[in-house]
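Asks: My questions will all concern the structure given below.
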Amino acid sequence: MMRNVLPILTVVAVLLGVWLLAVVPMNIHLAADQAQRDGVAVVPDTPAARQEVGAVALAVRNPDVMASTYTLERPALPGPQQVVGELWRTTVAVRPSSKQSLIYHGWVTLSATLLGFAIGTTLGIVLAVGIVFSRTMDLSVMPWAIASQTIPILALAPMIIVIMGSLGIQGLLPKAIISAYLSFFPVVVGMVKGLRSPDAMQLDLLRTYHASPLQGLWKLRFPASLPYLFASLKIGISAALVGAIVGELPTGARAGFGARMLVGDQYGQPLVTWAALFAAAITAAVLVGIFAMLERWSARRMGAAA
Amino acid sequence: MVDPVISATAVDLTFRTNDGPVHALKDVNLNIAKGDFVSFIGPSGCGKTTFLRCIAGLETPTGGTLTVNDMSPEEARRARAYGYVFQAAGLYPWRTIGGNVKLPLEIMGFSKADQAERVKRVLDLVDLAGFENKFPWQLSGGMQQRASIARALAFDADILLMDEPFGALDEIVRDHLNEQLLALWARTGKTIGFVTHSIPEAVYLSTRIVVMSPRPGRITDVIESTLPRERPLEIRDSPEFIAIAHRVREGLRAGHGDE
Ligand SMILES: Nc1ncnc2c1ncn2[C@@H]1O[C@H](COP(=O)(O)OP(=O)(O)OP(=O)(O)O)[C@@H](O)[C@H]1O
Ligand SMILES: [Mg+2]
């Protein structure tokens, strides 16, 4: 356990260090402006002149202002403690049902994510089975599946939302469709590879038993594809989350992580944006972690060496 | 002579490959009677595997006739007339030993109770009682191969086709398994087709030894064994054994000579 945790903690510590260091130069111009408004003497003493000075130089010349770069109300880059504070304020300190609560917004995004992921995974598995069993499908579906992923989702998402909206479908489903669109692809690719992973000898063995194609699928191809499936699911679930968030951006949705990011941006509340970003990242990590656990559990069930 | 279980007349097989046709079997004639233990021996590429696969209906000859139990190999395969043991054990890693042996039984629709009873019986037969709940990786290579033999035996086909089943095992394990295989053959009276590269193995096990030669793959000699059916391992030091082995070696050399 310790051996796994230590490298992760090291990386986190390094990232945190870089972040803390970056806050000063990123915010020093803003902090200097603010300090001047508050009546503190700053050099150079006009914003225009300060723009001429590099961030590091400005920090060095105004050491007193440096500390305040971590506490700006509208920083270019908030300090880690500010993000944690905002996360705390919007999760633990408010009712989950409140419009301020990231748990409320998280659930909105998560429900679309899970629905889309379920649709995408089912579609992916069905397509993969079709591709493996039918040469026609192999030739016809696969190129389209690949082509579908070359269209930037940012261009496609508003179209899906608008078209579905004009059909009177709003809310959860359009976002779920975008999630499904992003998550079916890794499942198709992984499952095709997994379903094809049994070697010629294993397939011949089933022929000697005169097994039906369905039995071959059930007894051999599906179990053999499980490791591939889990790898795909872990990619698919994070793609689904991204899809749901992207689905919230173009329509000015009122709820969801995407909506929070947008609100933060439009109303000059970077902390709101950052908190939503981190909450989304944490959600993704938890979802992937759940699948990693399921993967280990199924591997143990299937006799993997402990 | 009683009706042969397996009968090949002028069997011919040419593979179409990208580098042109490969003549894998040419004019193969062979009758295998019920209860025979027939070994196929010959240099690599002489078509031993191909012939065994033809018998099993996994490959279709391009010429001649081949019957198994008076049916076409394809029909015999559908009738589940034989068990096939491949060179590698090929156990499913996600199934226990018992689960692997059960696989053909599940596919063929045996009842649950029958399945359990058969698994126990064939695992006993190959000396793997008590390993039913182990996973393949927990067993040695020899034990895995025995499990794969048990799997081929589980549904009681009269014919057992084995393609170099002990090829990857060391000599001591191989000796042991040869002994066990003979005992199993004596007990069950199955008809066995057995591919090997080893002359002593072929002589020790077989009632008949089919010597093959490559390019094109064909039968160059069929040697009837004069050894008794009861064969202790020591028989391999007897003059009779050595004489047969000598004939096989001569046959192999002759096959090479006229290349
Ligand atoms: N599916 C196939 N397609 C094309 N050529 C094949 C195929 N299977 C076998 N061959 C060719 O047929 C010939 C006989 O092959 P086969 O595997 O029967 O030999 P073998 O006697 O079993 O050899 P080994 O002792 O190495 O197992 C070889 O030249 C091989 O390359
Ligand atoms: Mg071979």
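Asks: Of all the residues that make up the stretch B:198-226, how many are within 21 Å of B:GLY83 (Cα to Cα) and within 16 Å of ligand 2 (Cβ to nearest atom)? Full working, then the answer.
Replies: Looking only at the stretch B:198-226, we keep the residues that are within 21 Å of B:GLY83 (Cα to Cα), and these are B:201-202, B:205-210.
Within this subset, residues satisfying the condition of being within 16 Å of ligand 2 (Cβ to nearest atom) are B:201-202, B:210.
Looking only at that region, the number is 3.
Asks: Okay, next question. Just checking, which of A:GLY190, A:GLY216, A:GLY247, A:GLY243 is within 14 Å of another protein chain (Cβ to nearest Cβ), crowded, with 18+ Cβ neighbours inside 10 Å and of a type outside the set (Phe, Trp, Tyr)? Walk me through it before giving the result.
Replies: Details: A:GLY190 fails: within 14 Å of another protein chain (Cβ to nearest Cβ); A:GLY247 fails: within 14 Å of another protein chain (Cβ to nearest Cβ); A:GLY243 fails: within 14 Å of another protein chain (Cβ to nearest Cβ).
On inspection, the qualifying residue turns out to be A:GLY216.
Asks: Scan B:GLY64, B:GLY35, B:GLY83 and give me the residue that is under 19 Å from the mean Cα position of the chain (by Cα), small (Gly, Ala, Ser) and either within 16 Å of ligand 1 (Cβ to nearest atom) or surrounded by fewer than 19 Cβ atoms within 10 Å (Cβ to Cβ) (or both). Give the derivation first.
Replies: Numbers: B:GLY64 fails: under 19 Å from the mean Cα position of the chain (by Cα); B:GLY83 fails: either within 16 Å of ligand 1 (Cβ to nearest atom) or surrounded by fewer than 19 Cβ atoms within 10 Å (Cβ to Cβ) (or both).
After ruling out the rest, the residue left standing is B:GLY35.
Asks: So B:TRP137 passes all but one of these: (1) away from ligand 1 (no atom under 16 Å from the Cβ); (2) part of a loop (DSSP other than H, G, I, E, B). Which condition number does it fail?
Replies: Going through (1) away from ligand 1 (no atom under 16 Å from the Cβ); (2) part of a loop (DSSP other than H, G, I, E, B) one by one, B:TRP137 breaks only (2).
Asks: Can I ask one more? Would you please list the contacts, defined by Cβ atoms under 6 Å and residues six or more apart or on different chains, that run from a residue in the stretch A:194-211 that is at the interface with chain B (Cβ under 7 Å from one of its Cβ atoms) to a residue that is loosely packed, with under 15 Cβ neighbours inside 10 Å and not β-branched (Val, Ile, Thr)?
Replies: The qualifying pairs are A:HIS210/B:ARG78.
Asks: Can you name the strands (runs of 3 or more DSSP E) wholly within the stretch B:1-117 that have at least 2 residues being away from chain A (no Cβ under 14 Å), within 16 Å of ligand 2 (Cβ to nearest atom) and among the hydrophobic types (A, V, I, L, M, F, W, C)? Outline the logic, then answer.
Replies: On the way: elements: B:6-17, B:20-32, B:37-41, B:63-68, B:82-85.
Where strands (runs of 3 or more DSSP E) fall fully within the stretch B:1-117 and carry at least 2 residues being away from chain A (no Cβ under 14 Å), within 16 Å of ligand 2 (Cβ to nearest atom) and among the hydrophobic types (A, V, I, L, M, F, W, C), they are B:6-17, B:20-32, B:37-41.
Asks: Collect the residues in the stretch B:12-29 that are more than 7 Å from ligand 1 (Cβ to nearest atom) and open to solvent by 10 Å² or more (accessible area, probe 1.4 Å), keeping them in residue-number order.
Replies: Step one: list which residues in the stretch B:12-29 are more than 7 Å from ligand 1 (Cβ to nearest atom), which gives B:12-14, B:16, B:18-21, B:23, B:25-29.
Passing the criteria: B:ASP12, B:THR14, B:ARG16, B:ASN18, B:ASP19, B:GLY20, B:PRO21, B:HIS23, B:LYS26, B:ASP27, B:ASN29.
Asks: Here is a list: A:GLY124, A:GLY130. Which entry is away from chain B (no Cβ under 14 Å), under 25 Å from the mean Cα position of the chain (by Cα) and open to solvent by less than 60 Å² (accessible area, probe 1.4 Å)? Give the steps one after another, and end with the answer.
Replies: Numbers: A:GLY130 fails: under 25 Å from the mean Cα position of the chain (by Cα).
Only one candidate qualifies: A:GLY124.
Asks: On to the next question. What tally of residues in the stretch B:145-190 results from selecting those that are under 11 Å from the mean Cα position of the chain (by Cα) and within 14 Å of chain A (Cβ to nearest Cβ)?
Replies: Matching residues across the stretch B:145-190 total 9.
The values are calculated or read from the model by the stated rules, or taken from the named source; none is laboratory data. Since the model is a prediction, treat every value here as computed from it, not as a measurement. Cβ sites come from the backbone with ideal geometry, for glycine too, and all protein chains shown count toward neighbours. Accessible surface is based on the protein model in full, side chains and every heavy atom, while ligands, DNA and RNA are left aside. Shrake-Rupley method; radii C 1.70, N 1.55, O 1.52, S 1.80 Å.
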